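Undergrad: Quick one: structure below, then a few questions.
The values are calculated or read from the model by the stated rules, or taken from the named source; none is laboratory data. These figures come from a predicted structure and were not determined experimentally. Please note: Cβ atoms are built from the backbone with ideal geometry, for glycine as well, and neighbour counts cover all protein chains shown. Heads up: the accessible areas ignore ligands, DNA and RNA and are worked out on the full protein's heavy atoms, side chains in. Shrake-Rupley method; radii C 1.70, N 1.55, O 1.52, S 1.80 Å.
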Amino acid sequence: VQLQASGGGLVQAGDSLRLSCAASDARAFGNHMGWFRQAPGKERDFVAAIDWSGGTTYYADSVKGRFTISRDNAKNTVYLQMNSLKPEDTAVYYCAGGSSSYYARRVGGYGYWGQGTLVTVSS
């Protein structure tokens, strides 16, 4: 397994969660890393991405101001801090690696994917 996501769970609306994604392969942790999510019956959507330095971040409009992506390159780990969670945030969250600035928001722009972690937000 090259990318291992963790931290999902069942929370109430308004709560916070922090997802982690640890890379066992440096190739999977290179350049841009991202988080995507997929709700039941829906396509996988972009959530957030971050460049290698951590100085450039990208967010979907639906999570901007509530979610924060960060990375610790010494630990080969990327994080997604999720605050003020809403029921519509319920989904399986996937981390992805190996993208670039041009493709950071695209599912097809990543060569490495984690197994997903389920986040359920109750109202």
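Undergrad: Hey, what's the chain come to in accessible area per residue, 1.4 Å probe, Å²?
TA: 49 Å²
Undergrad: Now for a separate question. Using label points projected 7 Å from each Cα along Cα→Cβ, tell me how many nm separate GLN115 and TYR102, to one decimal.
TA: Those two pseudo-labels are separated by 3.4 nm.
Undergrad: For LYS64, go through the aspartates and glutamates and keep the ones whose alpha-carbon is under 13 Å away, minus same-chain ones fewer than eight residues off.
TA: List returned: ASP89.
Undergrad: Taking R0 as 41 Å, what's the FRET efficiency between GLU88 and THR56 from their Cβ-Cβ distance, rounded to 0.05?
TA: With a Förster radius of 41 Å, E is 0.95.
Undergrad: Here's something else I'd like to know. Can you list which of the chymotrypsin sites (Phe, Trp or Tyr not before Pro) found in region 50-99 are DSSP loop residues with at most 14 other C-beta atoms within 10 Å?
TA: TRP52
Undergrad: Suppose each label sits 7 Å from its Cα in the direction of the beta carbon; what would the LEU10-LYS42 distance come out to in nanometres?
TA: 2.1 nm
Undergrad: Loop only by DSSP, 13 or fewer other Cβ within 10 Å of the Cβ. Give me the trypsin sites (Lys or Arg not before Pro) in region 37-101 that pass, ordered by residue number.
TA: LYS42, LYS64
Undergrad: Also: Quick check: from the Cα gyration tensor, does region 29-72 come out rounded (a/c under 1.5), prolate or oblate?
TA: oblate
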